[in-house]
Amino acid sequence: MSTEPHLEPLPDLGGPAQPLLAVSNLTKHFPIGGGLFAEKKTVRAVDDVSFAIGKGETVGIVGESGCGKSTTARLLMHLMPRTAGEILFDGQVVGHSMSMKEFRRGMQMVFQDSYASLNPRLTIEDSIAFGPKVHGVADGEARVLARELMGKVGLRPEVFAARYPHEVSGGQRQRVNIARALALKPRLVILDEAVSALDKSVEAQVLNLLGDLKREFGLTYLFISHDLNVVRYISDRVLVMYLGQVVEIGPVDHVWDAPAHPYTRALLAAMPTLDPDRRTQAPPITGDPPNPIDPPSGCRFHTRCAFAEDVCGKVGPALSPAGGGSHLAACHMVIPGSGHSRAPAAGVAA
Ligand code: SF4
């Protein structure tokens, strides 16, 4: 018998001023090695990451592969234990003031691999109805909801309900995954490279769909992608990660128009463009990303930065105001009196 016939979204507890997600000092270190004669080492996948996502916002995370963006997503979802840090969902601590079951309803994730995310033995209708049934919704009601959501994501139930994942295209499968995530009435959806495997035309359709669903259901998104064009299109604010740390964060237009961190500038310069006047001649970043097992001292970007000076290898720059508003960058060039020759004088904001 159904104990909770209707799934309602979790209530808004703190009002609009309270972030939906507040992350402080999030850290994930993976110990590796440590055999009989081998030295034990640590991969610093995510190191002291702090940020907040406001209600109704879309925040993008960008960075090269291995920068820690997907590990951050998994930590936020509590899919792996964290080494340190705190995650608050609408002011609630998961496992204390909020149960893991409630949290799982409040925050859902859509992954890049649309096929691996679905059970190949379940029809599309069963896949979407599965989550609500686990949360106590009766079978018939869960199926009605599944069919409704199929309509919302542009899949006609009479055509797709009885199909299996291998019988639909990649774009259609990703629509199923989005419907499946929405079936629990989440407030926050993490989209981890969710459109990266799709053809460009399908990608555009799915991005438009995400925009429509956000408006209809009052959702908040965390959108992780290596594709800066897509991130600019969908995000209100963007967070740039390098070697497990946040190096720049701010409103997407500010960051695009006036990137303050040399790494962000390099990423933007490396974006493909059709404009012949904007083609880059020289590679924007030299060298490979350093090994996260033994990251460089001080600013982790100093081994590849054209502006690196002595202070950069010695002192790690904190995220600091860069260009006004909520735009922050972790670079000695924006920190007054940091000791970098391009820094503003002490007492003068960047
Ligand atoms: Fe470059 Fe120094 Fe700024 Fe790091 S702190 S990005 S090395 S200038």
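The values are calculated or read from the model by the stated rules, or taken from the named source; none is laboratory data. The structure displayed is predicted, hence computed values, not measured ones. Cβ atoms come from the backbone with ideal geometry, glycine included; neighbour counts cover every protein chain shown. Keep in mind that these areas ignore ligands, DNA and RNA; they rest on the heavy atoms of the full protein, side chains included. Shrake-Rupley method; radii C 1.70, N 1.55, O 1.52, S 1.80 Å.
Once the 1.4 Å probe is applied to the protein heavy atoms, the chain comes out at 47 Å² accessible per residue. The antiparallel fraction among DSSP beta bridges confined to the chain stands at about 60%. Counting only protein heavy atoms and a probe of 1.4 Å, the accessible surface of the chain is 54% carbon and sulfur. In the chain, Cα pairs under 8 Å separated by at least six residues give a relative contact order of 18 percent.
With the Cα gyration tensor of the range 103-195 giving a ≥ b ≥ c as the square roots of its eigenvalues, does the rule (a/c under 1.5 for rounded; else a/b larger than b/c for prolate; else oblate) give rounded, prolate or oblate?
oblate
Here the chain is treated as a Stokes sphere of Kirkwood radius computed over C-alpha pairs; at 25 °C and 0.890 mPa s its diffusion coefficient rounds to 112 µm²/s. Summarising the label geometry, the points placed 7 Å from Cα in the beta-carbon direction at ASP113 and ALA204 lie 3.0 nm from one another. Average projection, convex hull of the Cα set of the range 144-279: 9.9 square nanometres. Across the range 46-144, the relative contact order, built from alpha-carbon pairs under 8 Å that are at least six residues apart, equals 14 percent.
FRET efficiency for the pair SER24 and VAL144, taken as 1/(1 + (r/R0)^6) with r the Cβ-Cβ distance and R0 = 35 Å, rounds to 0.30. Remark: the ASP212-LYS41 segment gains 57.0 nm on full extension, using 0.36 nm per residue and subtracting the alpha carbon distance.
Net charge in the neighbourhood of GLU57 (other residues with Cβ under 12 Å of its Cβ; Lys, Arg +1, Asp, Glu -1) is +3. Summing Lys and Arg as +1 and Asp and Glu as -1 over all other residues whose Cβ lies under 14 Å from the Cβ of ARG121 gives a net charge of -2.
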